[in-house]
Amino acid sequence: GDWQAADIKGIRERFGSISNTILAVVDAFGHTAPVTFHRAFCPMAFDKKGAAWLQVGDKLANPYYGHKMLGCGEFQREFPPAGATAEHRQKKEGRHEQ
């Protein structure tokens, strides 16, 4: 019923707020998880204000639209583990210094 739609909207709003905090922390301090995180962004979320989230994997999994538009958005940045070598980061970012 209607309560489910209202509830999922509230959950997505709270998730958006938490995502912004997590992104700020990872951006400022990095992370030591053994995977690369991706910052993804959906320009349509929250009435086209847009929203970002952190995820692993190379396939977008949009949390704001779920199964309706799971692939909506784009990857904007990678966050490799803090212990990753400069060579690893350059390779992942496509930069190769001579």
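Restricting the search to the stretch 55-75, which residues are outside any loop (DSSP other than H, G, I, E, B) and at pLDDT 90 or above? Walk me through how you get there before you give the answer.
Of all residues in the stretch 55-75, those outside any loop (DSSP other than H, G, I, E, B) come to 55, 66-69, 74-75.
Gln55, Met69, Glu74, Phe75, listed by residue number.
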Problem set entry | Count of residues meeting criterion [open to solvent by less than 50 Å² (accessible area, probe 1.4 Å) and under 11 Å from the mean Cα position of the chain (by Cα)] in the stretch 65-74 | 1
Exercise. For the subset of the stretch 22-51 comprising residues that are surrounded by 10 or more Cβ atoms within 10 Å (Cβ to Cβ) and in a helix (DSSP H, G or I), which member is nearest to the chain's Cα centre (by Cα)?
Worked result: Leu23
Seminar exercise, completed: Quick count over the stretch 8-21, residues being open to solvent by less than 30 Å² (accessible area, probe 1.4 Å) and among the hydroxyl-bearing types (Ser, Thr, Tyr), is 1
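If you check Glu78 against the conditions, is it of a type in the set (Asp, Glu), in contact with a Lys or Arg (Cβ under 9 Å, 6 or more places away or on another chain) and modelled with pLDDT of 95 or more? Write out each step before concluding.
Working: of a type in the set (Asp, Glu): yes; in contact with a Lys or Arg (Cβ under 9 Å, 6 or more places away or on another chain): yes; modelled with pLDDT of 95 or more: yes.
When the stated conditions are applied, Glu78 passes them.
The values are calculated or read from the model by the stated rules, or taken from the named source; none is laboratory data. Everything quoted here is computed from the prediction, not taken from an experiment. Neighbour counts are summed over all protein chains in view; Cβ atoms, including those assigned to glycine, are modelled from backbone coordinates with ideal geometry. Ligands, DNA and RNA are stripped out before the accessible areas are found, and what is left, the full protein with its side chains, is counted by its heavy atoms. Shrake-Rupley method; radii C 1.70, N 1.55, O 1.52, S 1.80 Å.
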